[in-house]
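Data block below; observations after.
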Amino acid sequence: MVYVDRAINAGAKGYITKNSAPGILVKAIQKIAGGEIYIGQGLMKNLPLQNNDSDYKTIVDNLSTREFDVFILLAKGLTTKKIAEKL
């Protein structure tokens, strides 16, 4: 998938779809926090991964207040529709 490749090459440490189960987001965050890259199942076909040494804390620290709010709500399992309604 071209979006996954672009995201990883741009420095993303993980990629999941918006339809992923809430538990997948938690799993992805845990893996990324542990220094790994997480790509949702079925998205990793022939994807050449680069391991960028950016510190995950720096990435989280660089989120805007609104981005961080969305991040927290996603981690709590809210759907994008529920997040939009809440915010």
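Return the long-range amide H neighbours of TYR15 (sequence gap of 5 or more, or a different chain), with a cut-off of under 5 Å between placed amide H atoms.
Hits under the 5 Å cutoff: TYR38, ILE39, GLY40.
Once you put a point 7 Å from the Cα of LEU63 and another 7 Å from the Cα of ILE83, both along the Cβ direction, what distance in nm separates them?
Output for this residue pair reads 0.8 nm.
May I ask you to evaluate 6.51 cos²θ - 1.76 cosθ + 1.60, the Karplus curve with θ = phi - 60°, for each residue of segment 6-11 and list the ³J(HN,Hα) values in order in whole Hz, giving x for glycine and proline?
5, 5, 5, 5, 7, x
Read the figures in this text as sums done on the coordinates, not as results from a lab. Remember, it's a predicted structure, so these values are computed and weren't measured experimentally. So basically every Cβ, Gly included, is an ideal-geometry build from the backbone, and we count neighbours across all protein chains shown.
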